[in-house]
1. What is the magnitude of the charge dipole of segment 53-158 about its Cα centre, with +1 placed on the Cβ of each Lys and Arg, -1 on the Cβ of each Asp and Glu, and no other charges, expressed in debye to the nearest 20?
2. With r defined as the distance between the Cβ atoms of residue 56 and residue 94 and R0 fixed at 30 Å, what FRET efficiency is calculated, to the nearest 0.05?
3. Is the shape of segment 54-152 rounded, prolate or oblate, going by the alpha carbon gyration tensor and its root eigenvalues a ≥ b ≥ c, with a/c under 1.5 for rounded and a/b larger than b/c for prolate?
4. Could you calculate the contour length gain from residue 138 to residue 75, that is, 0.36 nm times the residue separation minus the distance between their Cα atoms, to one decimal place in nm?
5. So how far apart, in nm, are the two label points at residue 122 and residue 86 if each is 7 Å from Cα heading toward Cβ?
6. If R₀ is 22 angstrom, what is the calculated FRET efficiency for the pair residue 109 and residue 160, using the beta carbon separation as r and rounding to 0.05?
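Bear in mind that the values in this text are calculations on the coordinates, not laboratory data. Quick caveat, the model's predicted, so the values are computed rather than measured. A quick note on method: Cβ atoms are made from the backbone with ideal geometry, for glycine too, and the neighbour counts reach across all protein chains shown.
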Amino acid sequence: MSEKSEDRPKRERTGLAGWSAIIATWVGIFGALGGGFMGLAKYGEEVDKMEDGKVVQTFALFEMFNSSERLASRQRIFEYMQKGGELNNNDLYVFVDFYDALQVCVDRSLCDKDLSVRLFQSYAVPVWKEFDELIIGARTESDPYFGGGLQWMANLPMPARTADAVAETSAEETPEPAPAEAAAPTPEPAPAQPVAADIGNAAPQSPP
């Protein structure tokens, strides 16, 4: 028994330096994990701030869109579309330039695309349908993309809720087919009347 115990390898005790190294290793691991979680949380906050910034910028453009000058210009355009008369080309240029700026803002991820569609598309669609040929004809070599922002916005797919609302409105406006009129009942044939005997041809009866 004594020989076997002597053959066993002796287990060396972990000294202070060893424990310090182990603790430092685990601290580093936890620190890396904590740093990773903190990094993800910070990244999420930055993304949220970025999205909030897009929304704020989009509403800032919406406020500009509804400024007194642009509102008056837009009203004159729609009055021309409804009643005719003379169109001030400057009003159309102001309207078109705004949508060119809006497209740049969305393409550079400074404005929220979905919110932009909800706020601005309802104005863009009728104006583009009315003036598309005029706008395309006004493009030149120096300005080949004139009105491109208006065309882009008018042709974007509508948001889901707006599309559903349009479909519901169309369904409500479509009249339901009138129910088929019931066919008039066929009159029943009158019962046959007994044929009266011809008095003149009746055989004379002998007197009693």
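1. In total the dipole reaches around 320 debye.
2. Calculated value: 0.80.
3. It is oblate, given that a/c is not under 1.5 and a/b is not larger than b/c.
4. Going from the current span to full extension adds 20.5 nm.
5. 3.2
6. Between residue 109 and residue 160 the formula returns 0.50.
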